[in-house]
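Here the structure comes first, spelled out in structure tokens, and everything after it is commentary.
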Amino acid sequence: MSVELFNNGSHICVAFRDLVSGEAVQANQFLIYDHQHAALIDPGGELTYSRLFMAISDYMNVKRLDYVIASHQDPDIVASVNKWLVGTDCKVVVPALWERFIPHFTRPGRLQDRVVPIPDEGINLELGNIRLMALPAHFLHAEGNFQFYDPVSRILFSGDLGANLPPGDLNAPVKKLSEIMPYMEGFHRRYMNSNKVCNLWANMVRQLDIDMIVPQHGRAFLGKKVVNEFINWIDGLECGVDLMTQNNYRLP
């Protein structure tokens, strides 16, 4: 089932939240469509490909997909990339740091002339009439990691930052941080690198006009109040190496 996060007639943002079932962790996939051009963000692996392909076909000729974008290298992000390369004319957009790792998901030579590496400082991707911003989010949680900001919908696609897996309807947006904290805090304290990078990220995104933060797992954060609440929480979060002591490094 697809859910439209934004639609003004010529610009559409769609979330797919129910394509993974069974033992694998729930994961969201996202389509941004603008004036006959489209980008697919974090398409996932084998579990999602067939159903995602069919769902996207409700919006466009999938063969003409412009970009398949990977925020980082994890299998729940981009393990299906070989099938997208075969089934569409897309370019694959990946962090430059992980460019040499992505071929492990494909056959030899298939990526030739089809990769757009994202430099550490980020880039603007031309998509229809917009520029989709690839924002540095290094060490949140991957060493080379990016988030994507759509200036039309004012949605920040935040990857693993903001991930939450509560029971119930994942399409129901978060409007108050306290309701989601039990399903979010432990993950962030373990998977995010340090308060230093959390602080740097918060300083960066406060410069953007954000109406919604949409993570790769779980529910979206809707409205400036909860968006700002989340940014402030991340800004002050102790996590990762901040919490490590000698007790975490001892002989078994």
Which ³J(HN,Hα) values in Hz, rounded to whole numbers, follow from the phi angles of segment 130-141 under the Karplus curve 6.51 cos²θ - 1.76 cosθ + 1.60, where θ = phi - 60° and Gly and Pro get x? 10, 10, 7, 8, 9, 9, x, 9, 4, 6, 10, 10
Per-q log10 I(q)/I(0), segment 107-252, q = 0.15, 0.18, 0.19 Å⁻¹ (Debye; single scatterer per alpha-carbon; no solvent): -0.81, -1.07, -1.16
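Using only the C-alpha atoms of segment 79-173, find the volume of their convex hull and express it per residue in Å³. Mind dumping the intermediate values first?
Numbers: hull volume 13.2 nm³, N = 95.
Measuring per residue, one finds 139 Å³ for the Cα hull of segment 79-173.
Can you pick out the pairs among Lys63/Lys175; Lys196/Lys224; Lys175/Lys196; Lys196/Lys225 whose Cα atoms lie more than 32 Å from each other?
Details: Lys63/Lys175 37 Å; Lys196/Lys224 24 Å; Lys175/Lys196 27 Å; Lys196/Lys225 24 Å.
Beyond 32 Å: Lys63/Lys175.
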Which label in (1) 17.6, 60; (2) 16.7, 52; (3) 18.7, 58 gives the computed Rg and Dmax of the Cα atoms in Å: (1)
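Take the solvent-accessible surface of the protein heavy atoms, probe 1.4 Å, and return the percent of it on segment 1-151 that carbon and sulfur atoms account for.
51
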For segment 15-103, rounded, prolate or oblate, judged on the Cα gyration tensor with a ≥ b ≥ c (square roots of eigenvalues), a/c < 1.5 rounded, else prolate if a/b > b/c? oblate
Given the options Met212, Met184, Met204, state which has the largest fluctuation in a GNM of the chain using a 10 Å cut-off (strictly under) for Cα springs. Met204
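When the helix-only estimate is applied to the chain (DSSP H runs of n ≥ 4, each -39,500 (n - 2.57), divided by the residue count), what is the mean residue ellipticity at 222 nm, nearest 500 deg cm²/dmol? Display every interim value, and only then the final one.
Details: 6 runs with 49 residues, N = 252.
Estimated from H runs of four or more residues: -5500 deg cm²/dmol.
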Need the C-alpha centroid separation for segment 163-230 versus segment 90-152, integer Å. 22
Other-chain or far-sequence residues with amide H under 5 Å of Val93's (modelled H): Val68, Ile69, Ala70, Val116
At a 10 angstrom cut-off on C-beta neighbours, averaged per residue, how do the peptides 9-15, 36-42, 119-125, 148-154 rank from highest to lowest? 36-42, 148-154, 9-15, 119-125
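Under a 1.4 Å probe, what is the accessible area of segment 1-145 per residue, stated in Å²? Write out the running numbers ahead of the final one.
Working: 6530 Å² over 145 residues.
That works out to 45 Å² per residue.
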For segment 139-202, what is the Kirkwood hydrodynamic radius in Å, using each pair of distinct C-alpha atoms? 13.2
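The values are calculated or read from the model by the stated rules, or taken from the named source; none is laboratory data. All of these numbers come straight from a predicted model, not from anything done at the bench. Backbone-built Cβ (ideal geometry, glycine too); neighbour counts: all protein chains shown. The area values use the complete protein model at the heavy-atom level, side chains included, leaving out ligands, DNA and RNA. Shrake-Rupley method; radii C 1.70, N 1.55, O 1.52, S 1.80 Å.
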